[in-house]
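Scroll down for the structure; my scribbles are underneath it.
The values are calculated or read from the model by the stated rules, or taken from the named source; none is laboratory data. Quick caveat, the model's predicted, so the values are computed rather than measured. All Cβ positions, even for glycine, are placed from backbone atoms using ideal geometry, and neighbour counts span all protein chains on display. We work out accessible area using only protein heavy atoms, side chains counted, and drop any ligands, DNA or RNA first. Shrake-Rupley method; radii C 1.70, N 1.55, O 1.52, S 1.80 Å.
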Amino acid sequence: MSDARGASPCHQSVTRAVITGASGFIGRALVKHLQACNIEVVPVSRFPSAAPHEGKIADLMVSGALDPLLDERTVVFHMAAEVGVGESVQDPRRNFESNVLGTFEVLESVRKAGCRMVYPSTASIYDSLNPLPLRETAYVKPTSPYGASKAAGEAYCAAYNRSYQSDIRIARLFSVYGVGMVRFVIYDLIRKIQRNPRRIEIRGDGEQIRDYLYIDDVVRGLVHIAEHGEAGEAYNLAAGVPVRLLDLVRHIAGLMGHPEIEIVPTGEPSPGDVPRWYADISKIRSTGFVPQVSFEEGLLRTIRYLSEAQPDTRSNR
C-alpha cells in the first residue's frame, strides 16, 4: 500500500529543470516525473543514441558545455555519473574524470548562471565503521573510488556554496530500485531466480545490509530537496529501513512463487563494497518528505516489470 502523507503530485517552485544523465535509470524517471507536472525539462545526455525526449547532447567534461542551457530560474539535477563501485575499482581514472571533473564543470556553469542545483551523492561516502543508522553528520571515509569521487563532489559543492553563495543541495542516495532498473542487486536477484528458481548463489555471506528506496520516491525526494531543502545542506534520501541480503532473497523468491529456493552464499565479497548501511532519515522527514511506496509494493512492481521486459540471458554467476 502507498502512504499518501507528504504527497505532492506536482511542484510549485521548480518551473524549469536541466537534468544531466537523463538517459540513466534515475534520470529517465526524473524527466518523466517533471514532464508529467508540465515543468519545462531539458534532458542532457552524453551520447546521441541515449538522449531521451529530444534532449540535448553535451560532454560535461568540456568547459562551458551547460552554459547555453542555464538561466537563473533553472534547477540543475546533476544526475550524470559513473555509478558502479566495482567498475570504479577496475578503472578509477574514468570514474574520477566523469564524477569529479564533470561535476566541477557543471558547478562552474551553475555559478555563472546563478541557478540552483541538486547534487546526488551516495551512502558510499560514509566510513564503514560508523554506527548505524547513518546520520548526515557521520564520518566520511570512502571505501571505493566511486565513494571517493562523490565525496570530492560534495566537497566542491560545499566550497561553491561557501565561496560563491551558490544554491546547492545534496541528496545522499542509498540503494535505489524499481521499474526501469537494468542492474544492481535487486535486478540481479530477480533475473537469477527467473533463470533458476531452485538455487541461487549470492556474493558474500548474506549478512550485508542495505536501505532500499523505490524509484518513484527517489525522484519525489530529489525534487522535494530542490524545493524544501536548504542551500549547502545534505540529506539522506532512503527508506530508513535495514534489509539483510538473505532476507531480501527469501522475500523476492517468495513473491515470485519460489519460497523453497536454495540460497548459497559464496563468501566472496565484492571489491570496494561496504558490508552494512542504512539511513537515519529524520532530517529529510523534518522538511515534510515521507516515502510513499512500501518495500513489498515496490518489489512487486519491479518483479512485474522484469517479468514483462526482455529476458536476461547472462549466466547465473
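Figures for the structure shown
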item	result
Residues located in segment 288-297, provided they are over 19 Å from the mean Cα position of the chain (by Cα) and open to solvent by less than 40 Å² (accessible area, probe 1.4 Å)	Gly288
Failed item, numbered, when Arg203 is tested on (1) farther than 17 Å from Met79 by Cβ; (2) modelled with pLDDT under 95; (3) within 17 Å of the chain's Cα centre (by Cα)	(3)
Restricting segment 23-44 to residues that are touching a helix residue (DSSP H, G or I) at 6+ places or on another chain (Cβ under 8 Å) and among the small types (Gly, Ala, Ser), the residue that is modelled with the lowest pLDDT	Ser23
Matching residues in segment 154-182 - criterion: being among the small types (Gly, Ala, Ser), within 17 Å of the chain's Cα centre (by Cα) and part of a loop (DSSP other than H, G, I, E, B)	Gly178, Gly180
Whichever residue in segment 220-257 is of a type in the set (D, E, K, R) and not in a loop (DSSP other than H, G, I, E, B) and, among such residues, is farthest from Ser121 (Cα to Cα)	Arg250
Subset of segment 46-67 (residues that are modelled with pLDDT under 90 and open to solvent by 60 Å² or more (accessible area, probe 1.4 Å))	Arg46, Phe47, Pro48, Ser49, His53, Glu54, Lys56, Ile57
Any hit, segment 262-269, residues being over 18 Å from Phe174 (Cβ atoms) and charged (D, E, K, R)	yes
Scope segment 300-312; condition open to solvent by less than 40 Å² (accessible area, probe 1.4 Å) and touching a strand residue (DSSP E or B) at 6+ places or on another chain (Cβ under 8 Å); matching residues	Thr302
Test: residue in segment 263-276 that is in a helix (DSSP H, G or I), open to solvent by 30 Å² or more (accessible area, probe 1.4 Å) and not hydrophobic (A, V, I, L, M, F, W, C)	no
Single condition Ala151 does not satisfy, out of (1) out of contact with any Asp or Glu (no Cβ under 9 Å at 6 or more places or on another chain); (2) part of a loop (DSSP other than H, G, I, E, B)	(2)
Only listed residue being closer than 26 Å to Ile281 by Cβ, aliphatic (A, V, I, L, M) and surrounded by 17 or more Cβ atoms within 10 Å (Cβ to Cβ), chosen from Leu173, Leu70, Leu129, Leu107	Leu173
